[in-house]
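Have a look at the structure below before the remarks.
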Amino acid sequence: MIILLYLRFIKLRFQSITEYRGAFIAGVIAQLFYYAVFFSLIWIMISHFKTMNGWKPMEVMFLYALNLLSYSISACFVFLPFANLSQLIQSGEFDAICIKPMNPFLFLVTSNFNVAYIAHFSLSLAVMIFCIIQLKIAINCFTLFLLITFILGAGLIQAAGMLFTSIPAFWIIQNISLQAVFFFELKAFIQYPLSLYNRIIQIFFTFIIPYAFINFYPAQYFLKKNDFLMFHPSFQFLTPFVGLFLFFLAYRFWLSGLKNYQSTGS
């Protein structure tokens, strides 16, 4: 029932986009251009230095493709509703969501599916396939299953990061800076191999805010690298478990915020 409802909401989103097709296409092209330029800048910079602590340009591109691809999947579902959570609370619109005969979390996620992330998804998938070909990564049924599992696990980590930085809006109302710093700014560190940084940063992004599991550790398996820092090689397989655990914690945090929500009365 929930899946059918979700598909219905997605269909409605597509129908609404067709009413403003020109604006949607222009937005997709702009996003494609932005990230294409970003990929190009990474390529130029790394090519100039030949390697980054043993990582070749194409390997770093593979890292960034993993990051952007998993982000595009998670953002389709959670970015729009939770980036706007503080506005929903301030305006009183969240009151209407609370009284609907449906779990508020599911309603927000299902009614705000953002198809605009097709630009991120398409470009990052194309770059990843290109990297796989150029790096001669052997893909069979098992490795493809692992790759999809790692991407979905990384997507859950990204979704959890967006939730953790958005839900404080229940207490502090304005939380834009939290998401900017603790999600987008900190996540910029994983654009490059974690082994570039000192041990404190490596520990921080492995255990405190485990963004390294988005791309650095799963990439070890596909790139046949042994760059596990001071950690165990089994870390390359932990992304799906880390993703599930973090998303569970994020949802519990959501329930706590919902419990403490006070209507604006507007």
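Quick look at the values:
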{"quantity": "Residues satisfying the stated conditions in region 20-54, i.e. at pLDDT 65 or above and not in a helix (DSSP H, G or I)", "calculated": "50, 51, 52, 53, 54"}
{"quantity": "Pairs with Cβ under 6 Å, 6+ apart, first in region 194-212 and surrounded by fewer than 17 Cβ atoms within 10 Å (Cβ to Cβ), second modelled with pLDDT under 95 and not in a helix (DSSP H, G or I)", "calculated": "195/53; 195/227; 195/229; 196/53"}
{"quantity": "Filter result for residue 41 (among the hydrophobic types (A, V, I, L, M, F, W, C) and under 23 Å from residue 147 (Cα atoms))", "calculated": "no"}
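The values are calculated or read from the model by the stated rules, or taken from the named source; none is laboratory data. Since we're looking at a predicted model, the values are computed, not measured. For neighbour counting, all protein chains shown are included, and Cβ atoms are generated from backbone atoms with ideal geometry for every residue, glycine included.
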